[in-house]
Amino acid sequence: SGSTGVNYYTTLGITTVNSNNIKPISVAVTNAKKAKGNNLTKAEIEKVVVDTINDSVLANEKINKGEGKLEDYTLLTMTGVNDINLIDVNWYVKGKDNSTLSKLRNNVNVVVNALSYINSGSTGVNYYTILGFETVTVDNVKPISVAVVNAKKVKGSNLTKAEMQKVITDTIKIVNISYDKINKGEATLDDVAYKHLKQQQSHDVQIAPQQH
């Protein structure tokens, strides 16, 4: 039935099942039962256990090298990994402590959540820091977050880390140009809007006439 109680396997004399590998094994047993169309025998359960443990070791090795495939993460019951973020998840978990499925799951969740929050327009600098974007600060995160959301709308799906990097680089350039123009008293309404200046902060900003 897919129970994750290790004691049930122990009762059958299957001693290789433990708290670290029970989840993928229970999923594999359920899938094998569906494929067979009936309950598995002890011998069939043992085969599923052996195969799953062997496949899990290989999957973990690939993931630790940063070469994990979707099926590897699926086998290890990792959720949130997809075609779009696979490369970025591999990048993040490579070299991390993935010695247990719990630790691997935590590492996967950290990067998946960071990607998700940034794509949703979060202004939490910590999410950018997780992905190695050290140029994002509390001073520029707001226009960057808006730019990320706009780029996501244009693309029609979540941005990858590489795509975010381009948006960040381009936005910082625009922000710096806007700052220079504002400091020179040459700001256009676009520059003020881009900097998300509050109305009460910009009443004394000299606005240059828009070019038509």
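List of remarks:
- Candidates in the range 123-144 are the residues that are assigned to a helix (DSSP H, G or I) and modelled with pLDDT of 95 or more; of these, the one that is nearest to Val93 (Cα to Cα) is Ile130.
- Of all residues in the range 6-21, exactly one satisfies the criterion of being part of a loop (DSSP other than H, G, I, E, B), more than 24 Å from Asp72 (Cβ to Cβ) and polar (S, T, N, Q), namely Thr15.
- Any hit, the range 97-118, residues being closer than 17 Å to Asn20 by Cα, open to solvent by 70 Å² or more (accessible area, probe 1.4 Å) and in contact (Cβ under 8 Å) with a residue 60 or more places away in the chain: yes
- Matching residues, the range 119-151, being open to solvent by 40 Å² or more (accessible area, probe 1.4 Å) and aromatic (Phe, Trp, Tyr): Tyr127
- Set side by side, the residues Asp97, Asp51, Asp83 differ, and just one is farther than 30 Å from Tyr127 by Cβ and acidic (Asp, Glu), which is Asp51.
- Checking Ser3 against (1) touching a Pro at 6+ places or on another chain (Cβ under 6 Å); (2) farther than 18 Å from Thr100 by Cα, the condition it does not meet: (1)
- Across the range 120-167, the number of residues qualifying as more than 17 Å from the chain's Cα centre (by Cα) and within 25 Å of Asp83 (Cα to Cα) comes to 11.
- Inclusion of Ser3 among residues that are modelled with pLDDT under 95, in a loop (DSSP other than H, G, I, E, B) and either closer than 24 Å to Met164 by Cα or among the polar types (S, T, N, Q) (or both) is warranted.
- Qualifying residue in the range 22-45 (condition: surrounded by 16 or more Cβ atoms within 10 Å (Cβ to Cβ) and not in a helix (DSSP H, G or I)): yes
- Within the range 69-96, the set of residues being among the hydrophobic types (A, V, I, L, M, F, W, C), surrounded by fewer than 18 Cβ atoms within 10 Å (Cβ to Cβ), under 10 Å from the mean Cα position of the chain (by Cα) and more than 18 Å from Val148 (Cβ to Cβ) comprises Leu86 only.
The values are calculated or read from the model by the stated rules, or taken from the named source; none is laboratory data. Note that the structure is a prediction, hence the values are computed from the model and not measured. As a convention, Cβ positions derive from the backbone with ideal geometry for all residues, glycine included, and neighbour counts pool all protein chains shown. Accessible surface is based on the protein model in full, side chains and every heavy atom, while ligands, DNA and RNA are left aside. Shrake-Rupley method; radii C 1.70, N 1.55, O 1.52, S 1.80 Å.
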